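Reviewing the structure listed below.
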Amino acid sequence: MARPRKPLLSRARIVAAAAVLVDAEGLEAVSTRRLAAELGVSGPSLYNHFRTKDEILEAVADAVSAQVDLSMFDESDTRDWRTALHDWAVSYRAALTDHPNIVPVLARGPGRRPAGLRVADAVFGAMVRAGWPPAQATYIGALMRYFITGSALGSFARGFVDDETAYDPADYPHLGQAHLLAERREKVDEGAFETGLRALLDGLALQYAAVVPGAHAAAGTER
């Protein structure tokens, strides 16, 4: 009886295996030797698809970017620019919080990554179509990336320990409930993100009224 054939090695298999390692153990867990062992192949065979570990991590980052919903930026979509930015930001953050260990790679910018470049292109194009001057559209894409990736780099709530004795009211009179933040991490972090996002979009709406002829400050502010 013939032996079962091993699945052919491919870029997709390598990226999937690397993504599992990054999610479970962080960026430092990824090496060509470790990946080869996980995939049941010889180390040199990976070099037929990727030259370096950095290229593998870039591909993992791009796979995460590909998970971000961009449908709100389609020309056929009826959402206004503010609503589109809001919905995209929520989708983007969800992808990053599902894969927090890859965020430092994504935070460097899209570079040559195809999915990352599609994200940047979609945001810029939608803002220009909405009437934003190209320079302002660039600034919006940048500030949204700063805000979203920054929010995914760490958890505010998780930064406090679940120990009431750590926050002596004699030293920290306003942190009497801080020990409860860790167990309420999801609610706190999502609430902070939504509060910041709405504040950011409110500010952009005011700028929009100032730079786009015929626009009003209230445009797109209702949700």
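The values are calculated or read from the model by the stated rules, or taken from the named source; none is laboratory data. Just so it is clear, the structure is predicted and the values come from calculations on it, not from any experiment. Neighbour counts run over all protein chains shown; Cβ positions are idealised from the backbone, glycine included. Side chains are part of the model used for accessible areas, which takes the heavy atoms of the whole protein and leaves out ligands, DNA and RNA. Shrake-Rupley method; radii C 1.70, N 1.55, O 1.52, S 1.80 Å.
Quick notes on this one:
- Residue list for the range 32-78, filter: charged (D, E, K, R), more than 20 Å from Met144 (Cα to Cα) and without any contact (Cβ under 8 Å) to a residue 24 or more places away in the chain: Arg33, Arg34, Glu38, Arg51, Lys53, Asp54, Glu55, Asp77
- Enumeration of residues in the range 204-223 that are open to solvent by 30 Å² or more (accessible area, probe 1.4 Å), modelled with pLDDT of 85 or more and within 17 Å of Thr83 (Cβ to Cβ): Leu206, Gln207, Ala209
- Against the criterion of being small (Gly, Ala, Ser), more than 28 Å from Val22 (Cβ to Cβ) and either open to solvent by 40 Å² or more (accessible area, probe 1.4 Å) or modelled with pLDDT of 95 or more (or both), Ala63 does not qualify.
- Among the residues of the range 94-116, those identified as open to solvent by 30 Å² or more (accessible area, probe 1.4 Å) and in contact with a helix residue (DSSP H, G or I) (Cβ under 9 Å, 6 or more places away or on another chain) are Thr97, Asp98, His99, Pro100, Asn101, Pro104, Ala107, Arg108, Pro110, Gly111, Arg112, Pro114.
- Options Trp88, Trp81: the member that is open to solvent by less than 10 Å² (accessible area, probe 1.4 Å), among the aromatic types (Phe, Trp, Tyr) and modelled with pLDDT of 95 or more: Trp88
- Leading residue by the ranking (most open to solvent (accessible area, probe 1.4 Å)) among those in the range 66-78 that are within 11 Å of the chain's Cα centre (by Cα) and closer than 24 Å to Arg198 by Cβ: Gln67
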